[in-house]
1. Over the chain, average the accessible area per residue using a 1.4 Å probe and give it in Å², no decimals.
2. Pairing the Cα long axis of helix 44-59 with the longest principal axis of the chain, what angle in degrees results, from 0 to 90 and rounded to the nearest 10?
3. Give me the distance between the Cα centres of the range 201-235 and the range 331-349, rounded to whole Å.
4. Quick check: the angle from helix 149-162's long axis to the longest principal axis of the chain, C-alpha only, nearest 10 degrees?
5. How many angstrom lie between the Cα centre of the range 369-386 and the Cα centre of the range 133-164?
6. In the chain, how does Rg compare with the Kirkwood Rh, expressed as the Rg/Rh ratio over alpha carbon atoms?
7. Which whole-number percentage describes the relative contact order of the chain, with Cα contacts under 8 Å and a sequence gap of 6 or more?
8. Against the longest principal axis of the chain, how steep is helix 210-219, in degrees 0 to 90 to the nearest 10, with axes from Cα atoms?
Amino acid sequence: MKTFKKTSLATLLSATAMLSAGSAIANEDPVKLGLMLPYSGTYTALGEAITNGLKLAIEQEGGQLGGRDVEYVELDSEADPSKAPQNMSRLVNGDGVDFVIGPVHSGVAMGMLRVAKQTGAITIIPNAGLGAATNELCMPNVFRTSFSMWQDSYPMGKVAYEQGHRKIVTITWDYAGGKEDLAGFEEAFTAEGGEIIEQILVPFPSTEFQSYLTQIASLEPDAVYTFFAGGGGVSFVTDYAAAGLKESIPLYGSGFLTEGNLEALGDAGEGVMTTLHYAETLENDANQAFVSAYENAYGELPDTYAVQGYDTGMMLVQALSVLGGDTSNQERLIEVLANVHLASPRGPLSFSDSHHPIQNVYLREIRDGKHEVLRMAYENLEVPDDACQM
């Protein structure tokens with residue numbers, strides 16, 4: 001992990017104060033935000049939560065960024081990687097947006113990154129956990145306000161070992177995101193001295209788990225670590241409990257196993273431990289204010305996706321406040337974005353020089369249908385970015 005020096009926010013504010021009134025704002029046109037998120041299909045709820053969080057942050061600033069009104073250009077990504085380059089090009093070249101915000105799906109991110117490199121469009125990733133986006137494929141104009149698969153799974157490796165487990169079975173879908181998640185857990189767990197006695201890869205997106213649960217029972221591990229999400233997460237946790245494994249073989253996972261699924265999981269989810277960079281029950285002032293404001297605005301509690309959207313909005317609020325709304329100098333805009341520090345609902349949030357969030361990861365347990373935070377699993381965790389050449 002790299003150590004680097006950034007320009008302080010105070011220095012940037014001072015420099016901004018020296019701008020003449022004529023150059024403080026590039027123009028009086030609205031700041032155009034291109035939202036390339038799923039508004040239909042499996043990931044609709046995620047796209048809507050990110051959008052809600054983003055708009056809440058900006059509405060709290062009077063609906064403006066740096067004194068300029070905001071125009072939202074919403075484009076349904078359909079979570080379809082094949083359409084990503086065309087959709088991104090439409091936002092950048094057709095709609096002329098100032099920022100592209102998206103995607104949810106890592107496959108879509110790959111297509112977007114190609115266009116971001118070709119056009120130089122400033123792109124903020126509010127969800128997709130593709131590690132390469134802020135490592136091998138990093139570029140100055142791309143930022144992430146979410147996570148990488150490694151970042152949320154790595155801390156659980158040490159947690160599992162500290163819980164007394166020495167032999168573990170891991171299981172996920174046979175696709176890049178799942179395998180990146182398992183790799184983070186396995187790296188930390190084996191470094192502590194633990195052993196992965198079996199890694200099980202399930203064809204994506206199958207939710208037929210019975211044969212794998214039978215296999216797990218026969219292996220008699222100390223515990224199981226898994227990455228599944230959405231409906232797959234619900235199916236795995238409920239099937240695991242129904243198979244009678246829950247009481248004898250503890251289940252651990254990335255937070256996305258249960259995120260957004262608490263009501264669907266019901267009693268089957270009770271006692272499941274996960275690691276994630278947010279929990280709705282975090283007891284800090286920023287989170288309590290955010291949860292209240294979000295619930296008042298949308299009639300439901302926020303989740304991690306909403307927080308990631310909110311922090312994307314707050315990142316833009318802070319940066320354009322520093323710049324007085326001037327987006328005309330891209331090099332300076334990127335510098336200011338890279339220096340953003342937020343008192344986020346998730347805790348302190350800043351960015352590495354590969355533009356990945358440096359953030360806390362929490363150990364959570366489902367108790368009475370809520371993600372209760374047991375403790376901090378890792379403070380200010382920075383992801384490996386040695387392959388980033390910026």
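The values are calculated or read from the model by the stated rules, or taken from the named source; none is laboratory data. None of the values given here were measured: they were computed from a predicted structure. Only protein heavy atoms, including side chains, enter the accessible area calculation; ligands, DNA and RNA are left aside. Shrake-Rupley method; radii C 1.70, N 1.55, O 1.52, S 1.80 Å.
1. Details: 15600 Å² over 390 residues.
I get 40 Å² per residue for this part.
2. 40
3. 38
4. Taking Cα atoms only, the helix is inclined about 40 degrees.
5. 10
6. Details: Rg = 21.0 Å, Rh = 21.4 Å.
Answer for the chain: 0.98.
7. Values: 829 pairs, mean separation 81.1, N = 390.
Contact order relative to length: 21 percent.
8. Computed tilt is about 60 degrees.
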